[in-house]
Amino acid sequence: MNEYLYKLTLRSDLYDPTNWTDRENDIVQLHFRHLQDLLAQDILILAGKTAGLDPNGLGIVIFKALDMEQATIIMNQDPAIQAGIMQGALFAYNVALYNPTYKKE
């Protein structure tokens with residue numbers, strides 16, 4: 001298995017919280033459930049986002065796949081990308097260091 005990262009950026013009109021509707025919130029819930037499913041399948045390594053809603057913000061998803069083709073399929077199955085509220089950019093990635101004792105508080 002190889003490691004990949006996709007970077008998520010929010011659609012620019014959604015930097016303004018008043019533009020969020022139930023539709024966008026529902027899509028983000030589907031996005032989160034999708035990531036939980038990848039974790040349960042031992043595909044997801046790590047996922048998270050920067051704080052706030054602004055043009056510098058981003059999310060990252062680090063995961064395992066056989067090759068770039070499979071990685072592209074996994075990224076494109078993300079409901080936030082499918083719905084167009086986030087754009088994804090895919091990169092081959094290599095985890096160099098990690099802290100196996102880290103626990104989110």
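A compact table of results
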item: Single residue of the range 27-70 satisfying the filter (over 20 Å from residue 104 (Cβ atoms) and at pLDDT below 95) that is surrounded by the most Cβ atoms within 10 Å (Cβ to Cβ); result: 53
item: Residue match in the range 83-94 (condition: surrounded by 10 or more Cβ atoms within 10 Å (Cβ to Cβ), among the hydroxyl-bearing types (Ser, Thr, Tyr) and either touching a Phe, Trp or Tyr at 6+ places or on another chain (Cβ under 6 Å) or assigned to a loop (DSSP other than H, G, I, E, B) (or both)); result: yes
item: Residue ID - farthest from residue 18 (Cα to Cα), chosen from residues in the range 71-81 that are surrounded by 12 or more Cβ atoms within 10 Å (Cβ to Cβ) and either modelled with pLDDT under 95 or over 12 Å from the mean Cα position of the chain (by Cα) (or both); result: 71
item: Qualifying positions in the range 9-26 - surrounded by 12 or more Cβ atoms within 10 Å (Cβ to Cβ), in contact (Cβ under 8 Å) with a residue 12 or more places away in the chain and not in a strand (DSSP E or B); result: 11, 14, 15, 24
item: Looking only at the range 51-70, and only at residues there that are more than 22 Å from residue 28 (Cβ to Cβ) and in a strand (DSSP E or B), the one that is nearest to the chain's Cα centre (by Cα); result: 64
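The values are calculated or read from the model by the stated rules, or taken from the named source; none is laboratory data. Keep in mind that what you see is a predicted model, and the values were worked out from it rather than measured. Here Cβ is always computed from backbone atoms with ideal geometry, including for glycine, and neighbour counts include all displayed protein chains.
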